[in-house]
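Q: Structure below; questions to follow.
The values are calculated or read from the model by the stated rules, or taken from the named source; none is laboratory data. From a predicted model like this one, the values you see are computed outputs, not experimental measurements. Cβ placement follows ideal geometry from the backbone for every residue including glycine, while neighbour counts extend to all protein chains displayed. Please note that ligands, DNA and RNA were not included when accessible areas were found on the heavy atoms of the full protein model with its side chains. Shrake-Rupley method; radii C 1.70, N 1.55, O 1.52, S 1.80 Å.
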Amino acid sequence: MSVVHPLTEYVRPSASRTANCPGCGNGILAQAILRAFKEDNRDMDDFVFVSGIGCAAWIPSPFFNGDVLHTTHGRPLAFATGVKLAAPDRNVMVISGDGDLLAIGGNHFIHAARRNINMTVICINNSIYGMTGGQVAPTTPVGLKTMTSPYGNVENSFDISSLAAAAGATFVARWTVVHARQITKTVRKALAHKGFSFIEIISQCPVQFGRKSGMGNTTQMFDYYRDNSVPAAKAAGMTPEELNGRIVVGELVETTRPVLDEELEQVRRELRERSGNNA
Ligand SMILES: Cc1ncc(C[n+]2csc(CCOP(=O)(O)OP(=O)(O)O)c2C)c(N)n1
Ligand code: SF4
Ligand SMILES: [Mg+2]
């Protein structure tokens, strides 16, 4: 008897092997996203997936069985913006890493959020540049050792969900890879949301981060995420000292604001009407 994986139809038949190391969190996120498509009965032809460069960028590429653009380092949001404006009927989903989206791509990130363009952006935050050997990143917590900060990171780190909210994202959520079922629910919600939706997923890179930082192997990092996650509602009543080292999880922002692609479409419609060309 042959066993067929329930998500088979969402995976490109020719893509049979993963590029990720054993114990990496990327596969958990991939499955959680595909499960959201299955639960919503989504058609992969309605999607364009966009990623940059890094281990996380290999989550949709080449595995997701839809149109996938694997772009350049730091630039997936620029490509995704172009895709959404040229093809507003497609669901545009960006899946990439913390270094890609928030370091080299940081400026694209804040402006895409500010514009409230209608797309879903999922960032796998493993606190490191995983693919290139474990260099310190803007998301590396203070004090932790990496390949390029062997005495401990002395730079302040970004809270990327707060950054997204401050820049204007209208849906923001954070989970860890321990929260696979919650990720699926949130992806479904983000897809239904009109505007720039951002989901941060805290994930383990046991090879380039856990080993050097002292966070340990996959199970040790999993235990850390499980034991230190605090739901947003509970966190609201905690002091900064109590929240030190904790991960605030849940859906953090949900609001509405004019959406860039719809506003531009309205401008185009008015210009067509003014020129008498209603085609
Ligand atoms: C313009 C440019 N600069 C630098 C690189 C090298 N580079 C490739 S991936 C990467 C880091 C990726 O980190 P992240 O986005 O966090 O992904 P991860 O591998 O951790 O999943 C860097 C610096 C590049 N490919 N292009
Ligand atoms: S280097 Fe880290 S992030 Fe990259 S595949 Fe391996 S475990 Fe995952
Ligand atoms: Mg990373």
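Q: In nm, what is the difference between 0.36 nm times the number of residues separating Arg181 and Gln135 and their Cα-Cα distance?
A: That pair, Arg181 and Gln135, stretches by 13.5 nm at full extension.
Q: Next question, about the same structure. Under unit Cβ charges (Lys, Arg +1; Asp, Glu -1), what dipole magnitude, rounded to 20 debye, does the chain have relative to its Cα centre?
A: 220
Q: Here's a follow-up. With a 1.4 Å probe and every protein chain kept in, tell me what percent of the accessible surface of the chain is carbon plus sulfur.
A: Answer for the chain is 53 percent, counting heavy atoms of protein chains only.
Q: On average, how much accessible surface per residue is there in the range 76-231, in Å², for a 1.4 Å probe, leaving out ligands, DNA and RNA?
A: Here the per-residue accessible area is 39 Å².
Q: With the Cα gyration tensor of the range 1-115 giving a ≥ b ≥ c as the square roots of its eigenvalues, does the rule (a/c under 1.5 for rounded; else a/b larger than b/c for prolate; else oblate) give rounded, prolate or oblate?
A: It is oblate, given that a/c is not under 1.5 and a/b is not larger than b/c.
Q: For Ile247, list long-range residues whose amide hydrogen, built 1.01 Å from N in the peptide plane, is under 5 Å from its own amide hydrogen.
A: Amide H neighbours of Ile247, under 5 Å, 5+ apart: Ser229, Val230.
Q: Mind pulling the angle between the C-alpha long axis of helix 26-39 and the longest principal axis of the chain? Nearest 10 degrees, somewhere in 0 to 90.
A: The two axes meet at around 40 degrees.
Q: Would you mind getting me the FRET efficiency between Arg17 and Arg269? Use the beta-carbon distance for r and R0 = 45 Å, nearest 0.05.
A: Efficiency, from the Cβ-Cβ distance: 0.45.
Q: Which order do the peptides 86-98, 253-265, 47-59 come out in when sorted by mean C-beta neighbours inside 10 angstrom, highest first?
A: Answer by packing, highest mean first, reads 47-59, 86-98, 253-265.
Q: Between 0 and 90 degrees, rounded to the nearest ten: what's the tilt of helix 76-86 against the longest Cα principal axis of the chain?
A: 20
Q: Then there is this: Filter the trypsin sites (Lys or Arg not before Pro) in the range 209-279 down to the DSSP loop ones having no more than 14 other Cβ atoms within 10 Å, then list what survives.
A: Arg246
Q: Another question about this same structure. What lysines sit close enough to Lys38 to cross-link, taking a C-alpha to C-alpha distance under 27 Å and skipping anything fewer than 8 places away on the same chain?
A: Excluding near neighbours in sequence, the set is Lys84, Lys185, Lys189, Lys194.
Q: Which chymotrypsin sites (Phe, Trp or Tyr not before Pro) in the range 122-161 sit in a loop by DSSP (not H, G, I, E or B) and have at most 16 other Cβ atoms within 10 Å of their own Cβ?
A: Tyr151
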